[in-house]
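Report on one structure; see the data block that follows.
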Amino acid sequence: MDRDSIISIAKNTLTIEISELEKLKERIGDEFVKAVEIIHSTKGKLIIVGIGKSAHVGNKIVATLNSTGTPSQFLHASEAIHGDLGVIQKQDVVLCISNSGNSPEIVNLVPYLKDYSSTLIGMTGNRKSKLAEFSDVILDTHVDIEACPIKLAPTSSTTLQMALGDALGIALMEMNDFKANDFAKFHPGGSLGKNLISKVDDFLSSQKPEVTENDTVKDVIISISSSRHGITVVINESNIIGVITDGDLRRMLMKGDDISKVLAKDIMSANPKTIERNALAKEAMKILKDNNIGQLIVTDNGKYFGIIDLHKLLDEGIN
């Protein structure tokens, strides 16, 4: 198969799935609204049930909902009828996903899902199925054509299920007034959470090089060499008056002046960029990038407190 044929297959797959998504968009109406309102008002949690490819979709929807403020749990249909039904409490809402709505496991399970929960929502492509018959609300995900060339592998149908799950999640986020800081609470270990909530103080270097304005070049060299940052801060009674980098030292030496009489104040760069220790780390990263510098001076109420390093932030996923 040549390159053009492969590209043609890919584009045809996407064309079919986009077409089915457009049809789904036109079907969004009162039943979707009812489902969102029921989930939003429940005193329990949302249990999502599925089997086969729908189970994989269900797990992804659960992950999305849990990370965006809607407590959810996945229940595999085949495990449910062998003891796991106990996870469902009467105040819970169940969302059962099945394209046909008539697979043996679903047919056997839906009476119990209906009885054990407060509401059964069916996400199915078959309004005449057993799942639809028992559901209080039906989310219609039928497709006219699967993208699979032999029309057997779930493709368009699972795309619609996934997209409708995203639509539920976003609608519930809006109803819950779920904000970026809320999102960060559920992602403390990832770069998303770190960028939303991490403070400069969290990534502060343990090294705090400094000299006074009247210190000699030797003092400056010793101070810069005492840390890995290649920089020292020039202070006057804890007030920051400048910085000296190893680059400043090299430029001074290239001038060929008598360095025995040179003081820190003679070679420092005045008014360096600073940031308060309680600022967001991503704000520090922006200053570093915008000014093309590798270190940023950290202050506490305007006084010298430490240094934050570009590479440390990058290593921690701050961007």
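The values are calculated or read from the model by the stated rules, or taken from the named source; none is laboratory data. Given the structure is predicted, the values throughout are model-derived calculations rather than measurements. Cβ placement follows ideal geometry from the backbone for every residue including glycine, while neighbour counts extend to all protein chains displayed. The area values use the complete protein model at the heavy-atom level, side chains included, leaving out ligands, DNA and RNA. Shrake-Rupley method; radii C 1.70, N 1.55, O 1.52, S 1.80 Å.
Annotation: for a label point projected 7 angstrom from Cα along Cα→Cβ of ASN214, residues of segment 231-271 with backbone N closer than 13 Å are 236-237, 263-265.
In this view, the solvent-accessible surface of ILE61, computed with a 1.4 Å probe and all protein chains in place, comes to about 0 Å².
Where [x] 21.3; [y] 24.9; [z] 14.9 are the candidate values, the label of the one calculated here for mean projected area of the Cα convex hull in nm² is [y]. When both segment 4-31 and segment 220-275 are represented by their alpha-carbon centers, they are found 62 Å apart. Accessible surface for HIS40 stands near 80 Å², nearest 10, in the context of the full protein assembly shown (1.4 Å probe).
Stretched out straight at 0.36 nm per residue, the stretch from ALA153 to ASN319 would grow longer than its current Cα-Cα span by 55.8 nm.
The gain in end-to-end length when the ILE7 to ASN236 segment is fully stretched comes to 75.8 nm, 0.36 nm per residue minus the alpha carbon separation. Using only Cα atoms, tell me the angle between helix 3-27 and the longest principal axis of the chain; keep it within 0 to 90° and round to the nearest 10. It works out to around 70 degrees. Name the GluC sites (Glu not before Pro) in segment 196-264 that are in a loop by DSSP and that have at most 12 other C-beta atoms within 10 Å, would you? Those that pass, being in a loop and sparsely packed, are GLU237. For GLU105, GLU79, the ranking by accessible surface with the largest value first comes to GLU79, GLU105, using a 1.4 Å probe.
Sorting ASP201, ASP258 by accessible area (1.4 Å probe), largest first, what list results?
ASP258, ASP201
Give me the extension gain from GLU37 to SER206: residue separation times 0.36 nm, minus the current Cα-Cα distance, reported in nm with one decimal.
Between GLU37 and SER206, full extension yields 55.8 nm more.
Exposure check, 1.4 Å probe, all protein chains in place: SER129 carries approximately 0 Å² of accessible surface. Comparing GLY58, GLY122, GLY294 in a Gaussian network model of the chain (Cα springs below 10 Å), the most mobile by mean-square fluctuation is GLY294. Across the protein chains, with a 1.4 Å probe defining accessible surface, the residues ARG127, ARG228, ARG27 rank ARG228, ARG127, ARG27 from largest area downward.
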